[in-house]
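The structure under discussion appears below in the form of C-alpha cells.
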C-alpha cells in the first residue's frame, strides 16, 4: 500500500509523466472508459467526485416498458436533447486512445458511454458495453433504425416541440421544466407497430452476455487495465476491475473523483481525462499522439 500511496501522490503533481510510464511498461492495455471521458465534449456526467448522483437516477427499463407516461417523458426530453448530443465531437482523450490503438498498444477499448465518440475519433476495435444512442430498436420484432430518422418522426408527430427551452443532461437527455408531456405522441415501429427503445442498456437491464464475454477474453490477454473517466459505481464496469485484480493484472485509473476500485488500483491519476491524455503527446513511445 505504501507504493500505491507514493505513486498516487506523484500522479497529482506529474499526471502525464506517471501515466506515460504506466503505458510504456504495459504494451497491451485493456482500456475501460466512462462518462468522464466525454465531459470535455460537452456531454454531462451523472456522478459527483464522491461517486454520488448529481441528479435523479436515469429511467429504468421496467419503467420505460411498463408506463406509457414514462415513455412519453423520455422521448420528449430526448427530442430536445438529441441535437446537442449528436453534434458532440471527440476531445483529446478520445483522440489519444485512438492513437494508442493505431500504435498497436491497445488489446481492447471497452466503453460504458453510448455516444460513439471513440469511433468518431478513429478507434476501430471498440466494444460498446452499454450500446449506442444513435440507434433505435423495436422490442417486438428487433427492427432497427438510425436515431436521426427517429428524430424526424418525433418532430413530425410533435410539431413545435423543438422550441421548448431545454438544458443539457447526460446521455442525450434534456431538462424540461414545467412541461406537460401528456399530449406528446410517440411513434411505434413502422414494421410491426411495436415499442421502440434506444439501443442502449437501461438501468435494470442486463448487458448482453456476448459483450461481457468478449471484453473478458480481451482482458485476459492484456498485461494491464486502464480506467479512463469512470467511477466504476455501476457493476457492469466494476466487474472488469475486479477480474483484473483477481488475475493479478495491474490496474490504473484516470478520474477526478473516487472510484469503486480505489483499493485495487496500482496507480490513480486525479486529473481531467482530456487534459491528462492530451499531455501524453510529448512521450516518445506514444509519438502518434501528436
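Bear in mind that the values in this text are calculations on the coordinates, not laboratory data. Please read all numbers here as calculations on a predicted model, not as lab measurements. Cβ placement follows ideal geometry from the backbone for every residue including glycine, while neighbour counts extend to all protein chains displayed.
On the principal axes of its alpha carbon atoms, the stretch 41-187 extends 52, 39, 29 Å, with the longest extent given first.
Rounded to the nearest 10 degrees, the inclination of helix 2-13 to the longest alpha-carbon principal axis of the chain is 70 degrees. Eigen-decomposition of the gyration tensor built on the alpha-carbon atoms of the stretch 166-290 gives equivalent ellipsoid semi-axes of 36, 21, 16 angstrom, largest listed first.
Just so you know, the Cα atoms of the stretch 77-157 work out to an Rg and Dmax of 14.9, 48 Å.
Evaluated at q = 0.13, 0.25, 0.29 Å⁻¹, the base-10 log of the normalised Debye intensity for the stretch 115-163, with identical point scatterers placed on the Cα atoms, takes the values -0.45, -0.97, -1.06. Sorting 161, 75 from the fewest to the most surrounding beta carbons within 10 angstrom yields 161, 75.
Extent along the principal axes, Cα only, for the chain: 59, 36, 33 Å, with the longest axis given first. Here the ratio of the Cα radius of gyration of the stretch 166-217 to 2.2 N^0.38 Å is 1.65. With viscosity 1.002 mPa s and temperature 20 °C, the Kirkwood radius over alpha carbon pairs of the stretch 138-194 converts through Stokes-Einstein to a diffusion coefficient of 164 µm²/s.
Taking the C-alpha atoms only, the angle from helix 147-157 to the longest principal axis of the chain is near 30 degrees. The antiparallel fraction among DSSP beta bridges confined to the chain stands at about 30%. Between the Cα long axis of helix 235-247 and the first principal axis of the chain there is an angle of about 20°, rounded to the nearest 10.
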